[in-house]
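Engineer: Here it is, the structure, as structure tokens.
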Amino acid sequence: QAGENNLARQNMLDKEQQAIQIGAQLITPTQQITAQSARIQRGADTSVMATIARNVSQAYTDALRWVAVMLGKPEDTEVEFHLNMDFFLEPMTAQDRAAWMADINAGFLPVTAYYAALRRAGVTDWTDA
């Protein structure tokens, strides 16, 4: 039982434990693990997050469909909502960038594809324009 003096701290610790239990990795202490363990953990985390994202997307789609009906749209009105399912950045090494530039300079790939790859890697948020 937390006393009055440390009730706020205890509440914060309880919330932190709840967040950790549902997979909030940003606030957990980091530790050294093997690359294979990291891949396995990432796969498990992605699976859970994908399930949550699909469920939330379906709930929003249903809610938006109900709103459309309430606004007088036909019940068969096409309504779709999808959350972003790209949970992790795709890092880009110097070798990757060099390969991209070689392909662009050779005319194999458009520069817009390179911009998209940079955005996926978290390097930039620039648009193609």
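Engineer: For segment 72-129, which positions are assigned by TED's automatic domain parsing to the domain that holds Ala53 and hydroxyl-bearing (Ser, Thr, Tyr)?
Structural biologist: Thr77
Engineer: Taking the condition of being more than 29 Å from Leu118 (Cβ to Cβ), surrounded by 11 or more Cβ atoms within 10 Å (Cβ to Cβ) and either in contact with a helix residue (DSSP H, G or I) (Cβ under 8 Å, 6 or more places away or on another chain) or in contact (Cβ under 8 Å) with a residue 24 or more places away in the chain (or both), how many residues in segment 52-85 meet it?
Structural biologist: The number of residues fulfilling the criteria is 2.
Engineer: What number of residues within segment 91-118 are assigned to a loop (DSSP other than H, G, I, E, B) and surrounded by 11 or more Cβ atoms within 10 Å (Cβ to Cβ)?
Structural biologist: Adding up the residues that qualify gives 3.
Engineer: Take Phe88 and decide whether it is surrounded by 12 or more Cβ atoms within 10 Å (Cβ to Cβ), assigned to a loop (DSSP other than H, G, I, E, B) and touching a residue at least 12 places away in the same chain (Cβ under 8 Å).
Structural biologist: No, not satisfied.
Engineer: Checking Gln58 against (1) modelled with pLDDT of 90 or more; (2) farther than 30 Å from Ala19 by Cα, which test does it fail?
Structural biologist: Of the numbered conditions (1) modelled with pLDDT of 90 or more; (2) farther than 30 Å from Ala19 by Cα, the odd one out for Gln58 is (2).
The values are calculated or read from the model by the stated rules, or taken from the named source; none is laboratory data. All of these numbers come straight from a predicted model, not from anything done at the bench. Heads up, the Cβs are rebuilt from the backbone with ideal geometry, glycines too, and the neighbour counts pull from every protein chain shown.
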